[in-house]
Amino acid sequence: MEDKASSSGSETIAYDEGDDVYVSVDQDGARVDSQVLDYIYRPSYEPYASMVLYDFVARTTKMKEKNKEKLVNSTQAFSSWKHPQRGTHRVCMRSKPVLPVMLGPSLPSKKNSNETIDAWAKHVLALFKPWRCVHDLKAGGQSWSNAYDVYESAGLRSRHAKIIQNMQLLTECADARFIHPKAFVAPDQSDPLETKNNNDEEMPSSAQDVDEDIQQWKSKFCSDAFARLEDRSLDARDYNTGNGEEDSELKGLVGRDVLDALEACMGDSLHDANCNVEDSDMGDGPQVTHQDIAIHNAIMQRKRKRALADEHDDFVEPTSSRRRIDEPFVDIGTVPIYAATKSSAYERILVSIVSEMNLENNKEQLEAFLTVAKHVGERDPDQLLMFVSGVGGTGKSHVIRSIVKLFERINRRKSLLIGAPTGSAAILIGGSTLHSLILECPNADAKKNVSKLARMWRGVLYLIIDEVSMISAKFLSKLSEALKQAMGDNPKKSSQIFGGVHVVFMGDFCQLKPAIDKPVFSSEIASRLVDFTPGEDEISALNGIFIWRQVSCVIELVKNCRHAEDMAYAEFLSRLRIGKCLSPNSDPVANTDDYRYLMSRLLTNIRKRDPEELKLFLDAPFIVGLKSLRDNLNAKLATFHASRLKKVVHLYFSRDSVKRRPVPAGSAEILWKMQSTHVRDALGCLPLFEGMKVMVTENIAFDSKVVNGTEGVVKKIVYDEDEAGRRYATVAYIHVEGIGFQIEGLEKDIVPIFPVRTSIPHHTLHTIGLQAKSFARWQLPLVPAYAYTDYKSQGRTLKRAIVDISSSKGQGVYVMLSRVTSLSGLAILRWFPPSKIYQRPSAELREELARLGLRC
């Protein structure tokens, strides 16, 4: 809505000289389809006649009437033939009101001056008083402010008054940001909340409002978990002193008793720690020069951008390639690949693999292997879609290794690809991430290199997918479409799901689901179609569900190898997995209580029963369900382990920018403290010390097994320092045991980790003075690794672990508890409600297990 002498694209309706009302309609100029004329010539019958402009836009819409005769005497027809659509359209009520959006300048402020009060009253009357001409809004010679006062006391509805009040509040907030810019950045650029006043004058109320907004923003999105560690110098004497303030947040999360148990676990070990431990710090050897760092950076950049094995980024199709054959493909019947003369040789290969991998002692593993082997050996024309299910520790990875060995023995290894949804899961099975196998980019708008995709999948006949529980229905559809695209030159294959590639799925649906999207067995998507028209994402998810339903061969592995030494614990996990844990009421005779069985492993109970046993968990990882708890535990544990090694914990700050410009220091102080869950684990202040355990958060060098989830130990940190003494990491050298990584001039398995750029979207940055919807952060892709979430634990086998059942959700309880090999290797951080283990899996999961014929 505008108030000015002339406006391109607006309906101009003059009533009195100098007293005109304008309504902006369309940036393309006046058209026959005019919102202004719709309101002025709205039907003269109720409820339309008494509608204000705001409600008319929110509650009505215009429809074309096919039967023109009905419009002659219709109560929904426009009130005058002056409306150009009087004979073709009618007005009707919306089934659900919409929220009107005002385009153009903000509503004038009511509090600035007499002129703005009049302008404000004019806008408000036009929106919230019924009118067809200007005289309906005010009498001749009457001021706009007086006309509003009269209408407010006589006929303004309370609902409209509330809307007006909210609109005025938005205007005042917008004005306050420009009137008091110092509320965002203090004069010394150190704290955006600090406003200096040399005259000791009271802060204006509007500035106080802004200050409250920032405080609320910080309480919602920020944490001091790591910021409180800044430049704390630690040694064995000061670890147990002065930690009250630092541990207050952790104490609030887990309680005083749990914190005391943690202190008991850690405290005594400080006296036993070897204060003269020789840390294999690279600083003791040859110094790394700037030239060395540049070379290392170039090597890691190349590895980060590397293509798959035997594939090069600079590959160019030869210009002398054969002419494309336009004739259609013809299916030619072939003799099975290992028929007749080769059958006996193939059988000998199978027998040798079964013996080497000890498959004869596990009939389900043997069945899974032979099903694939039979399909490979006979070259079965039917597409194989197979699911090998099994709880953690039943040997799914062992079956994968057996299949890989088969393809290697028959010299067809290139016809098999292996993938998993995460980098760490892919490394465990010697495969690649599924995203890399289909050239899926984080940038949704990026164009896929179809020719490279086709080269990658040329000759590939089989695909093994691990951790299927973490694959969403939407991604499964995307995977199938990408493979069909890769087989585009083959009309038959490009019309089949997965491009005709034979797929073997591995996993356990009772483990973690996809973090965001719906799983492949979701029933919710289909049920919601009754209420709304599906969009592209819903259609893709439905297609993924349909594709999963085509899996026809299901084999369940049942022999648990991971927990073979503690069968009582294995049986408990089997009950927990399907939601059938025992209580005293379940079997009064046996008096079995799974809750009491677990409560014996509470840290506080272990401390009471045998304090010496706590020392066994000194280096055990913590597995939790929330990143906030993970970060607070990591802050506590980093402090402790640094004191053990006689090291100093330093914070390494990120370099943040908005629209390619550095973030002002005041706002940067706030961004550095943002919680890890809001910044994709790109920490604003990263605590590090030489000897610290860290986890990589990006796929840095896949071919060298340095991926998201890889753990290592910091050996050296090279950094810059600003005038305030803040450190900014240039590179961190970490040791990752057993990966065989080697760069000339560095020790074996030493990996240089450089800062990476992370784009962090956030729609409320304006609250802290940044006019943007996102910011970019350069930081080392590392987080402390003393505690991690259940998602990072999936696929691991641990001798000991401390888990937090209380913060877990859904199947996370089972995932946490099934990581350790026995009950004696388990410690539980704090008390948890019985419902955590007695809850049943979701109805849709139980239905899927029953459909697949799996144990439930």
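Where a number appears in this text, it was derived from the coordinates with a stated rule and is not lab data. Given the structure is predicted, the values throughout are model-derived calculations rather than measurements. Reconstructed Cβ throughout: ideal geometry from the backbone, glycine too, with neighbour counts over all protein chains shown.
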Relative contact order of the stretch 29-93, defined on C-alpha pairs under 8 angstrom at six or more residues apart (%): 39
Formal net charge of residues neighbouring residue 524 (Cβ-Cβ distance under 9 Å; K, R +1; D, E -1): +1
Radius of gyration and maximum dimension Dmax of the stretch 622-785, Cα, Å: 16.2, 49
Net charge contributed by nearby residues that have their C-beta within less than 12 Å of residue 694 (K/R +1, D/E -1): -1
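Suppose every K and R has +1 on its Cβ and every D and E has -1 on its Cβ; what is the size of the dipole of the stretch 114-172 about the Cα centre, in Debye to the nearest 20?
Working: 7 positive and 6 negative charges, 68 e Å.
In debye, rounded to 20, the stretch 114-172 gives about 320.
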Protection proxy ranking of 638-645, 451-458 - average other beta-carbon atoms within 10 Å, highest first: 638-645, 451-458
Estimated distance in nm for a label pair at residue 88 and residue 215, the labels positioned 7 Å out from Cα along Cα-to-Cβ: 5.9
Other-chain or far-sequence residues with amide H under 5 Å of residue 739's (modelled H): none
Residue 567/residue 615 FRET efficiency (R0 22 Å; Cβ-Cβ; nearest 0.05): 0.20
Net charge of neighbours whose Cβ lies under 12 Å from the Cβ of residue 59, counting Lys and Arg as +1 and Asp and Glu as -1: +2
Cα-based Lys pair tally, the stretch 343-452, threshold under 27 Å, eight or more apart or on separate chains: 12
Highest to lowest packing among 697-708, 744-755, 715-726, scored as the average C-beta count within 10 Å: 697-708, 744-755, 715-726
J(HN,Hα) series, the stretch 632-648, from Karplus relation 6.51 cos²θ - 1.76 cosθ + 1.60, nearest Hz, glycine and proline x: 5, 5, 5, 5, 5, 6, 4, 4, 5, 5, 5, 5, 4, 8, 6, 10, 10
5 angstrom amide H check on residue 715, placed H, neighbours 5+ away: 691, 733, 734, 735
Computed Rg/Rh of the stretch 114-172, alpha carbon atoms with Kirkwood Rh: 0.95
For the stretch 358-557, fraction of C-alpha pairs farther apart than 21 Å, in %: 52
Within the stretch 405-426, backbone nitrogen closer than 18 Å to the virtual label 7 Å beyond the Cα of residue 351 toward Cβ: 406, 409-410
Segments 521-527, 460-466 sorted - mean Cβ within 10 Å per residue, highest first: 460-466, 521-527
Percent RCO, i.e. relative contact order, over the stretch 402-460, from Cα pairs under 8 Å lying at least 6 residues apart: 27
Translational diffusion of the stretch 368-481, µm² s⁻¹ [Kirkwood Rh, Cα pairs; Stokes-Einstein; 25 °C; 0.890 mPa s]: 160
Backbone HN-Hα couplings from phi across the stretch 292-297 [Karplus 6.51/-1.76/1.60, Hz, Gly and Pro as x]: 4, 4, 4, 5, 4, 5
Residues whose placed amide H lies under 5 Å from that of residue 706, excluding near-sequence neighbours: 701
